[in-house]
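Okay, so here's the structure we're looking at.
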2 protein chains.
Amino acid sequence: MRAIVPVIAFWTVFQMGGSAPLFAFGAEEGTVVRESINRNRVEILEELMEFLTLPNVSGNLDDILENARHLQKLMERRGIRTQIVDQERAPLVIGHIEFENAQRTLLLYAHYDGQAVDESRWVDSKPFAPILRDGTLEEGRVLELPAGGEILDDWRVFARSASDDKSPIVAMLAALDALEETGQTPTSNLIFVFEGEEEAGSAHLPELLTEYRDLLRADAIIVADGPVFITNAPTVYFGARGIVTLELTVYGAARNLHSGHYGNWVPNPAQRLANLLASMKDDSGRVLVEGFYDDLKPLTPAEEEALESVPGVEARLMEEFAIGSTEGDRTLMRAINLPSLNVRGLRSGWTGEQARTIVPDRATASIDLRVVESIDPARQVERVIEHIRKQGFYVVSSEPATETLRAQPKVALVTSAWGYAAHRTAMGDPLCVTLLEALRSQFGEVVALPTLGGSVPLVVFKEKLGNDLIIGLPIVNPDNNQHSSNENLRLGHFYRGIESFAVLYTMPGLSD
Amino acid sequence: MRAIVPVIAFWTVFQMGGSAPLFAFGAEEGTVVRESINRNRVEILEELMEFLTLPNVSGNLDDILENARHLQKLMERRGIRTQIVDQERAPLVIGHIEFENAQRTLLLYAHYDGQAVDESRWVDSKPFAPILRDGTLEEGRVLELPAGGEILDDWRVFARSASDDKSPIVAMLAALDALEETGQTPTSNLIFVFEGEEEAGSAHLPELLTEYRDLLRADAIIVADGPVFITNAPTVYFGARGIVTLELTVYGAARNLHSGHYGNWVPNPAQRLANLLASMKDDSGRVLVEGFYDDLKPLTPAEEEALESVPGVEARLMEEFAIGSTEGDRTLMRAINLPSLNVRGLRSGWTGEQARTIVPDRATASIDLRVVESIDPARQVERVIEHIRKQGFYVVSSEPATETLRAQPKVALVTSAWGYAAHRTAMGDPLCVTLLEALRSQFGEVVALPTLGGSVPLVVFKEKLGNDLIIGLPIVNPDNNQHSSNENLRLGHFYRGIESFAVLYTMPGLSD
């Protein structure tokens, strides 16, 4: 294996001659890499667990910086040249490593910060004192790490960021070790971008990507965040929906009024809100806002084919979620390749024990709009506002004055926040095809998703780095309790994820 | 004035010869009674304020009993024979007084318990340390009670139960004094029923009315609770809407789900609830539930005429409430003579700062249904449930089992609580006509409402006492902050209320 700039002794020791294949990882190489990973399961896990002991709640700058420095050491041990930029605000760890005869450069993104923690809700463990169980939270027993012993696929590590998103980082580095140990050289130069502010909203990432654009030039961007598809098969995604949120308040009288004395004379804002929301979406799940689907770009044949080959999960999910119907008759995959309008919250007056016989003074709905490639989120918001106007509402963007409320038959306050667009990478691009083929040759079944249902700001990389080949390569288990207490990583997924990165690093060059 | 059983010295002293007119209260008698009340403004107010110093939060039995005993003394001082029944649970004060040549018996109902208090929210006063202001809370200055001095109509007393409902009780008693002082004898025997459990829901009242039914035989029942009409004119009401409440929960998945990964595939219960509520009532305020208006009895000509003569308050209320439209084009009075369906609360997921990008697991609406005379509240609930079924929901009455949620396309939990029917007294009854004429002769303008918009369980008196001549005679100001902090009584209304009871007691006999 041949790293062009082997700065650290450890890395140098393992350097090998120029005989390494340019497109490794046929069945044989895949097997030896897997064996190498399996031989080193304990050591790899120890490296992860040590990393997990460092508190990393997003926003705690001192902690974040300590994580960045630890990460820097892990990277430099592999011969990666590193720098930590923006240490005063949002420390971003950037690493570079080049290889002889590399065919391209790949930029790998992950984040090392984590969500806030509520220690009291962690069972038998603490967020930054990782423990091992021989199964899920519900069924697994707590284990000691068996020094030199066997580690089974179903075992799990419980800690903050065990899955989101420290394990992908450790997996990216361990993949280099496995290639090293088995005498294989990556076919791509690698740039690592590890963010410390993702869970706080990535406020500085766009600026930093712009500032370091020249350092971050790559042929493709690999995002390693989020879980694999719910069937647990290895997963690649080529896009993600964008999102914009709306808050919508409809007004009644200036104060709550007695529903007997004034009810069915004074306007009821809860009823008006219900009628307005009902006008936006029918029972089959079709959004009735004019133009909502207008800019929808048809899926390409490659995307269509990918969609059709995603395993059917509907029956299983309906059982798990205890639902007897879905919104419309579409498959989950068809649904998430459409723009959506989702009422995520309703508030008006009181219900249950607190209920009072009033006509509420106002009613609020919180809505998220997901958009897919080619639909502009700002335009989508405008369409919804136009729809609200057509229902007879006078739309304001801040708390309306009393005079406005008196003058207008119906008033709605609409505000919108944190939007970004969708992105969809062309699945037919040779690099995408090559990666999928390489992964399938290693794993057999691989799920290729044209679009993630969730929103990941892939578009930021596209906009700031001018690169639209952005591919998601998640590795962790979907039942990982991400963002919550008892976050966990299934180790079978983790070790397989290391293989995935090894496949990525050694996939055939474009010229081959 | 001639009380048949004058047990107390005070009362006896004022007895007069048989020359008192049987139907007093022409213009002249009205004037002398008013003058008597005005002469005694300070003493009457002192009696009220002393009563208001007794804590009377409903449910505090010791306090309630102390109020009952105090009340007993006030009554016996006027020669009323009293008893306190059900002292262990819900002390009910019953009083009787008969007069020579009385033409009928009237039962007067009020309550002496009060709503709970939050002392911290009372401005410059405490709930049970009444103070006087020379105006409203916002504009009035705090005053000392001027011993022997002048008391103006706009002055107000601030204390719990100042308006709801101790002042009507004191007014009923002071009216006897004024008649006594001016040498007039009531034309009706009087029964007083003062309840100590009204604000806690009157759980024992039906049972007590049944038990003491023989003691409570009367020609008509006068209920003195609630405020006068919003124009502040003297008010009589002849009915009240009944009420029944509904809570309606619509289900999505068994837990909140990520709105990106599962949104617009998994059913959104907030959207389904909105669509369901929209199917129940259109933008013009018409309830679309089949049969909702079927049992509506047309207003009688007398009721129609009364409705037409209620002063128009719509423009003023629209200004005050800051609304630019109403539900439908009806007047307030037309509206409250219809059954209603009012969404009093909505809850699903989160809004505002707490909003999360989820598909909520459930959505709940709290609804009250008001009914008018001749519409059965239980039947009305059934109609709404039938409507929900017609929208494709499987309706359950307790938390549905997972198996039910899996088996049914749409599931709704519907529960209903505390219902009672409406009551409407025939306004054409000679007693009603006589009372209205007598009040109009005293005051000029009197508002006669066929139905109160709010719900008062008049029907309990009808059902338990077999008496359907039930008339509301409220006296207090509508802006009294009833049930809230800084509850208050405008004294002009109070003194006028005393006159109203004097008119009631001396209205012409049926035979005249």
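The values are calculated or read from the model by the stated rules, or taken from the named source; none is laboratory data. Quick caveat, the model's predicted, so the values are computed rather than measured. No Cβ is skipped: glycine too gets one built from the backbone with ideal geometry, and neighbour counts run over all protein chains shown. Just the protein is used for accessible areas: all its heavy atoms, side chains included, with ligands, DNA and RNA removed. Shrake-Rupley method; radii C 1.70, N 1.55, O 1.52, S 1.80 Å.
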Skip the ligands, DNA and RNA, and give the accessible area per residue of segment B:77-146 with a 1.4 Å probe, whole Å². 45 Å²
Segment A:72-139: relative contact order as a whole-number percent, Cα under 8 Å and 6+ apart: 16 percent
Along Cα-to-Cβ, 7 Å out, sits the label point; list in nm, shortest first, how far the one on B:ASN232 is from those in the other copies. 7.6
With +1 on each Lys and Arg Cβ and -1 on each Asp and Glu Cβ, and nothing else charged, work out how big the dipole of segment A:240-321 is about its Cα centre, in Debye to the nearest 20. 740 debye
Taking the mean number of other Cβ atoms within 10 Å as a proxy for protection, how do you rank B:185-197, B:384-396 from highest to lowest? B:185-197, B:384-396
Tell me, what is the 1.4 Å probe accessible area of B:VAL456, in Å² to the nearest 10? 30 Å²
Applying the gyration tensor rule to the Cα atoms of chain B (axes a ≥ b ≥ c; rounded if a/c under 1.5, else prolate if a/b exceeds b/c, else oblate), the class is prolate
In deg cm²/dmol, rounded to 500, what helix-only [θ] at 222 nm does chain B give when every DSSP H run of at least 4 residues adds -39500 (n - 2.57) and the total is split over its residues? -9500 deg cm²/dmol
For segment B:53-212, rounded, prolate or oblate, judged on the Cα gyration tensor with a ≥ b ≥ c (square roots of eigenvalues), a/c < 1.5 rounded, else prolate if a/b > b/c? oblate
Label-point separation (nm) for A:GLU386 and B:ALA417, each offset 7 Å from Cα along Cα-to-Cβ? 4.6 nm
Calculate the dipole size of segment A:350-408 relative to its Cα centre from +1 charges on Lys and Arg beta carbons and -1 charges on Asp and Glu beta carbons; express the result in debye to the nearest 20. 200 debye
Quick check: from the Cα gyration tensor, does segment A:304-435 come out rounded (a/c under 1.5), prolate or oblate? oblate
For chain B, with the dipole built from +1 on Lys and Arg beta-carbon atoms and -1 on Asp and Glu ones, taken about the Cα centre, which of B:ALA27, B:LEU413, B:ASN189 lies farthest toward the positive end? B:LEU413
Threshold 30 Å², probe 1.4 Å: give the residues of segment B:351-375, in number order, that are less accessible with all protein chains present than with their chain alone. B:THR351, B:ALA355, B:THR357, B:ARG370
Copies of B:ASP294 compared via label points 7 Å along Cα→Cβ give distances in nm, shortest first, of 4.6
DSSP bridge orientation in segment B:98-226 - percent antiparallel, rounded to nearest 5: 35 percent
Report, for A:GLY135, each distance to the same residue's label point in the other copies, shortest first and in nm; define the point 7 Å along Cα→Cβ. 7.5
Unit charges at the beta carbon, dipole of segment A:274-401: most positive-side option, A:SER309, A:TYR293, A:SER366: A:SER366
Please give the total accessible area that chains A and B bury against each other, computed with a 1.4 Å probe and expressed in Å² to the nearest 100. 6900 Å²
Starting from the residue with the highest accessible area, list B:HIS204, A:HIS483 in decreasing order, probe 1.4 Å. A:HIS483, B:HIS204
Probe 1.4 Å, all chains present, heavy atoms only: B:ASP124 accessible area in Å², nearest 10, is 110 Å²
Run the dipole for segment A:316-435 about the Cα centre, Lys and Arg Cβ at +1, Asp and Glu Cβ at -1, nothing else charged, and hand back the magnitude in debye, nearest 20. 300 debye
For chain A, which whole percent of the accessible surface, found with a 1.4 angstrom probe, sits on carbon and sulfur atoms? 48 percent
State in Å² the accessible area per residue of segment B:370-479; use a 1.4 Å probe, count heavy atoms of protein chains only, and round to the nearest integer. 38 Å²
When Lys and Arg each count +1 and Asp and Glu each count -1, what net charge do the other residues less than 9 Å away from B:LEU61, Cβ to Cβ, add up to? -2
Rounded to the nearest 5, the percent of DSSP beta bridges in the protein assembly as shown running antiparallel is 70 percent
Charge context of B:ASN467, other residues only, Cβ under 15 angstrom, K/R +1, D/E -1: +1
Quick check on my link table: of A:LYS297/A:LYS410; A:LYS281/A:LYS410; A:LYS297/B:LYS390; A:LYS281/B:LYS297; B:LYS126/B:LYS462; B:LYS73/B:LYS126, which ones sit more than 31 Å apart, alpha carbon to alpha carbon? A:LYS297/A:LYS410; A:LYS297/B:LYS390; A:LYS281/B:LYS297; B:LYS126/B:LYS462
